[in-house]
Every structure is written in structure tokens, then in C-alpha cells.
Amino acid sequence: MPNSAPTLRELARALGLSHTTVSEALRDSPRVKPETRKLVVKAATDMGYKYNPLAGALMSELRRSRAGIFRGVLAILDLDGPEKRPDNAARYHNELVQGATKRAVELGFKAELFVMGKRGISATRLDTILQSRGIRGVFLLPVGDDPDLSSLDWSRYSGVYADYIMEHPALHTICADHYRSMITALQRLQNLGYRRPGLVLQKHHDERLLYRWEAAYRTYHEHHPEISHLPPLIVPEIERDSFCSWFRMTKPDVVMCHRVEVVKWMEECGVSVPRTHGYCCLNTMMSATPAAGLDLQPQIIGARGVELIIAQLYRNEYGVPHLPSSTTIAASWVDGPTLRRQ
């Protein structure tokens, strides 16, 4: 019979190193010198040793039960900085951070917020801080434009981006399931008796979500002929004059939009919300006043993002993934005073 693969302690004895050093070298820990890590990896390959991440996780759990629950630090990156973020978007980001921070603590980690942007730290400085502190997990908050963090040494990090797509570098992502959420909203509105739903979107928002709101809206009408198919209003900026012109021309009985101020504009056009017409908010977290609509579950997105990062750390998966994946979270429906009662 062929010889079985050596254990970690046997590998350590053969190298004349402690099993802790060998274990950390195989996990690419920054505490181990690069030349030592190369020596350990070569010896492990030559001797047929294969690291078992599940066994490593089990030993970590045993150590945790004896010596507290702290396992490490995760970085939450705010790439824009608060100065570029309107109040409604800030509430959504805060919920993401709260969900990520709470879940990190539950799993034995600490999550720290790092702010970039014009008044924050540079990518070079961030790279230095993360490496010096041994931070390997990075959770990136949504960015208004196309983010670029390719200057970081991603061979040292496991990262997840809390939005639909990131290409510089192409990381795993987690976000709301906007397509399914739109279908859910339209079904609820139809059940409430609305037959002329109208959609209002900012063009940039529609594009950065790869047109998922719009696609689901058009597809739903295609398969529900009993619902009037109104042309959506998709404009660079949602303004009173363009909205009122569209509203008078298309005559929707319910408006779907992120901006709750359209309720005031609807009433200026002579209707009453919710007596004669309805308003459905596409992200209730971004509404400063109570409204019916979709809760995109930012706290759950933040929590699940941290879970994905920690899973990568346990599997020793660092660097830009060969095939980036997207995880989506369904929205929940929120009743509110802007729609009629069923």
C-alpha cells in the first residue's frame, strides 16, 4: 500500500518548525516570513500533505471555546465617503454596516469601517494598514460610480462587493434581487386592485442595476394582459415638470419610484393618495416618510456578505476569483399609508 499523507505535526517535525508556524504558513498568514512560507509549501507538496480547511475550522472552534471568541478583524470599505452620499442613501449604507458588524461579532470577528473618498485614506495607505494588521477579509459598500480597487494586493484578501457588479477587480457580489422584488411588488399592487402601474426611475440607477427593475416591469406586463402597459419614465434626474407631464399623459393609478416626493407632485396633478391613487416605494429604507413598498433587507445583505467572506477565509481562498459569483436576497413587502387597503 502507498504511504499515507503526513500529518501537520509530521510535516512540522520534518522541517524543524513548530506546527503553529507550519499551519500559518499554509494559510498564507502575514505573520510568517515569505521565505519560510515558500519552504513549507514546497515541503508540503513534495510530501503529499493536503491542508484540510474543515479540520482547521474545527480546531479553531475548540480553541475559541477555551480562549474567547475573537478570531480576527474584517474591513468594511466605504469607497465614496459620507460627503458624496445623500441622506436617503446614507440610511441604506448604515443598515448594511449594522448587519455586517453584528454578524461578524456573532461569528467571532470584529468589523471595522475604513473610509476612502476625498477625505479618507488612499488605496496605497489602506493596503499598508490591512497588511500590517493582518486583515484578510474585505467587505465593500455600494459605490455611486464604477469602483476601482485594482491597486490593492488582492492576493492577500478575500473580498465581497455589496452591489450587482464590480470589475476592477471582478469580485464576488451580494445584493438585493431587484428583478424578483419588482415582480413581488407588481403582484401585490395587482392584488390591491391597481391596473395601471407606472414606473419612474433615474437613468443612472437603472443602468447600474443592469436594467433589472425595468426588465421585470416590462416582462410582467407582457404576461399579464389585464394590466395596462404604460411606458416607464426613465430620466437623468427625476424632476417635477417631467414627472407631471408623464403622469398626466400616461394616467397611472399607482406610481412605483424611489423618491417619495412624487406623492406631492401627484397631488399637485389633482389626485389623492391613497384615496384615488397609490404610491409604491422601491426602497422603503430610502424614504424619510412612511410609505408602502419594498424593504430590500440591507441588514440581511450585510450579514450574508460577512458570512461569504468568512467562508472564503476558512477555505483559504484569497485573491480575485476565477469565476465571480453573485448572491441575491429577496425583498420583503412593507404595508404603508400610500396604498389603499385590500
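The values are calculated or read from the model by the stated rules, or taken from the named source; none is laboratory data. In this text the structure is predicted, and so the values were computed from the model without any measurement. Quick reminder, even Gly has a Cβ in these numbers, built from the backbone with ideal geometry, and neighbours come from all protein chains shown.
Restricting attention to the range 172-203, report how many residues are farther than 30 Å from Cys244 by Cα and surrounded by 23 or more Cβ atoms within 10 Å (Cβ to Cβ).
Residues that pass the stated criteria total 1.
Checking the condition in contact with a helix residue (DSSP H, G or I) (Cβ under 7 Å, 6 or more places away or on another chain), in contact (Cβ under 8 Å) with a residue 60 or more places away in the chain and hydrophobic (A, V, I, L, M, F, W, C), which residue from Ile135, Ile174 passes? Give the derivation first.
Details: Ile135 fails: in contact with a helix residue (DSSP H, G or I) (Cβ under 7 Å, 6 or more places away or on another chain).
Going through Ile135, Ile174 in turn, just one is in contact with a helix residue (DSSP H, G or I) (Cβ under 7 Å, 6 or more places away or on another chain), in contact (Cβ under 8 Å) with a residue 60 or more places away in the chain and hydrophobic (A, V, I, L, M, F, W, C): Ile174.
Checking the condition under 23 Å from Trp154 (Cβ atoms) and small (Gly, Ala, Ser), which residue from Ser287, Ser332, Ser325 passes?
Details: Ser287 fails: under 23 Å from Trp154 (Cβ atoms); Ser332 fails: under 23 Å from Trp154 (Cβ atoms).
Among Ser287, Ser332, Ser325, only Ser325 is under 23 Å from Trp154 (Cβ atoms) and small (Gly, Ala, Ser).
Pick from the range 86-111 the residues that are over 16 Å from the mean Cα position of the chain (by Cα) and either free of Cβ contacts under 8 Å to residues at least 24 places away in the same chain or outside any loop (DSSP other than H, G, I, E, B) (or both): which of them is nearest to Ser287 (Cα to Cα)?
Per the criteria, the residue is Asn88.
Would you be able to tell me the number of residues in the range 114-123 that are surrounded by 14 or more Cβ atoms within 10 Å (Cβ to Cβ) and not in a helix (DSSP H, G or I)?
Quick first cut of the range 114-123, residues surrounded by 14 or more Cβ atoms within 10 Å (Cβ to Cβ) only: 114-117, 120-121, 123.
Checking which are not in a helix (DSSP H, G or I) leaves us with 114-117, 120-121.
Count: 6.
Residues in the range 307-318: is at least one under 19 Å from Arg212 (Cα atoms) and either outside any strand (DSSP E or B) or out of contact with any strand residue (DSSP E or B) (no Cβ under 9 Å at 6 or more places or on another chain) (or both)?
So far as the range 307-318 goes, no, none of its residues is under 19 Å from Arg212 (Cα atoms) and either outside any strand (DSSP E or B) or out of contact with any strand residue (DSSP E or B) (no Cβ under 9 Å at 6 or more places or on another chain) (or both).
Just the residues that are surrounded by 13 or more Cβ atoms within 10 Å (Cβ to Cβ), part of a loop (DSSP other than H, G, I, E, B) and not aliphatic (A, V, I, L, M), please, taken from the range 319-334.
If the condition is that a residue be surrounded by 13 or more Cβ atoms within 10 Å (Cβ to Cβ), part of a loop (DSSP other than H, G, I, E, B) and not aliphatic (A, V, I, L, M), then Gly319, Pro321, Pro324 are the ones that fit.
Listed residues Val22, Val32; which is touching a Leu at 6+ places or on another chain (Cβ under 7 Å) and under 20 Å from Arg136 (Cβ atoms)?
Numbers: Val32 fails: touching a Leu at 6+ places or on another chain (Cβ under 7 Å).
Only one candidate qualifies: Val22.
Do you know which of the residues in the range 34-76 that are surrounded by 13 or more Cβ atoms within 10 Å (Cβ to Cβ) and of a type in the set (Lys, Arg) is modelled with the lowest pLDDT?
Among those residues, the one meeting the criterion is Arg64.
Please identify the pairs in which a residue from the range 14-29 that is closer than 17 Å to Arg71 by Cα and not assigned by TED's automatic domain parsing to the domain that holds Arg315 has its Cβ atom under 9 Å from the Cβ atom of a residue that is in a helix (DSSP H, G or I) and at pLDDT below 80, counting only partners at least 6 apart or on another chain.
Pairs that qualify, where the first residue is closer than 17 Å to Arg71 by Cα and not assigned by TED's automatic domain parsing to the domain that holds Arg315 and the partner is in a helix (DSSP H, G or I) and at pLDDT below 80, are Ser23/Leu8; Ser23/Gly56; Ser23/Met59; Arg27/Pro53; Arg27/Gly56; Ser29/Ser23.
Just one of the numbered conditions (1) modelled with pLDDT of 95 or more; (2) under 21 Å from the mean Cα position of the chain (by Cα) is not true of Thr250; which one?
(2)
Of the numbered conditions (1) farther than 30 Å from His172 by Cα; (2) of a type in the set (Ser, Thr, Tyr); (3) surrounded by fewer than 18 Cβ atoms within 10 Å (Cβ to Cβ); (4) modelled with pLDDT of 95 or more, Tyr279 satisfies every one except a single condition; which is it?
It fails just one condition, (3).
Residue by residue through the range 228-237, note down the ones that are buried (at least 18 other Cβ atoms within 10 Å of the Cβ) and not in a strand (DSSP E or B).
Within the range 228-237, Leu230, Pro232 qualify.
Which of (1) modelled with pLDDT of 90 or more; (2) surrounded by fewer than 11 Cβ atoms within 10 Å (Cβ to Cβ) is the odd one out, the single condition Glu83 does not satisfy?
Exception for Glu83: condition (1).
If I ask for residues that are surrounded by 18 or more Cβ atoms within 10 Å (Cβ to Cβ), in contact with an Asp or Glu (Cβ under 8 Å, 6 or more places away or on another chain) and without any contact (Cβ under 8 Å) to a residue 60 or more places away in the chain, which ones from the range 238-276 would you list?
Across the range 238-276, there are no qualifying residues.
Do we have any residue at all in the range 191-206 that's in contact with a strand residue (DSSP E or B) (Cβ under 9 Å, 6 or more places away or on another chain) and β-branched (Val, Ile, Thr)?
Scanning the range 191-206, I find at least one residue that is in contact with a strand residue (DSSP E or B) (Cβ under 9 Å, 6 or more places away or on another chain) and β-branched (Val, Ile, Thr), so the answer is yes.
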